[in-house]
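Here, each number is a calculation from the coordinates, and none is a lab measurement. Given the structure is predicted, the values throughout are model-derived calculations rather than measurements. When we count neighbours, we look across all protein chains shown, and the Cβ atoms used for this are built from the backbone with ideal geometry, even at glycine.
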Amino acid sequence: MPNHLSILGIIHTAISVLALLAGAYCLFNDGKILPSNSRGRQYIWLTVLTCLTSFPIMKTGHFTGAHGLGIIVLVLLIIGTYIKNITLFKKVGDYLQTVIMSATLFLSCIPAIVETLTRLPISHPIASGPNDPLIQKCLGVLALCFFAGIIYQIIKIRSAKKSTPLSGDIKLG
């Protein structure tokens, strides 16, 4: 059976796989996606390229929910990158940045799951479409993993903040 992806679709898929791997690497290496380090910036740029290459791809001939998801991811990347610089959010900036950046990875996994299960194997895809019960179950597991990951990240940030003495504190004995 022939490949149903256009050249742009193949490029988009390759970049998106790299973006997902970069995001996973950030989570495993740093415990979160940090826009301030090279791994985080690599994830951000690959995700931006993924979103931008997705916009001209129109399997149905018109704008779809996946395109809207790409716009949301781009907006969240901007907010997540700069949220710690906004005075209003200084106290909770670390938490917000972590949740927002993790949300970009979570949202990017949605089309990855749907497209993979509805396209592979090429001769007889595993799922019939986005509403297939298997896809819905996979997305449910993804959501559970996302929320468990967020809770874990928040606990880690909170414990790190508690164990770090304030700059004006004096340590005794």
Revision key, fill the gap. Taking Lys and Arg as +1 and Asp and Glu as -1, residues besides residue 26 with C-beta under 11 Å from its C-beta add up to +2
**Study point:** Reachable lysines from residue 162, criterion Cα separation under 23 angstrom, eight or more residues apart if same chain
**Key:** 32, 84, 90, 91, 171
Point to revise | Kirkwood Rh in Å, taken over segment 18-88 so that all alpha-carbon pairs contribute | key: 13.1 Å
Review point. What net charge do the residues around residue 160 carry, taking every other residue with its C-beta under 13 Å from that of residue 160, with Lys and Arg at +1 and Asp and Glu at -1?
Key: +3
Check your understanding: When only C-alpha pairs under 8 Å and at least 6 residues apart count, what is the relative contact order of segment 7-163, in percent?
Key -> 18 percent
Exercise for review: Report the full-extension gain for the segment residue 123 to residue 142: residue separation times 0.36 nm, less the Cα-Cα distance, to one decimal in nm.
Suggested key: 4.2 nm
Check your understanding: Based on DSSP H assignment, which helices of the chain show an axial Cα extent of at least 15 Å together with a mean Kyte-Doolittle hydropathy greater than or equal to 1.0?
Key -> 7-30, 65-82
Check your understanding: With each pseudo-label sitting 7 Å past Cα toward Cβ, what's the residue 72-residue 88 distance in nm, one decimal?
Key -> 2.2 nm
Revision key, fill the gap. The local net charge around residue 93, scoring Lys/Arg +1 and Asp/Glu -1 for residues other than residue 93 whose Cβ lies under 12 Å from its Cβ, equals +3
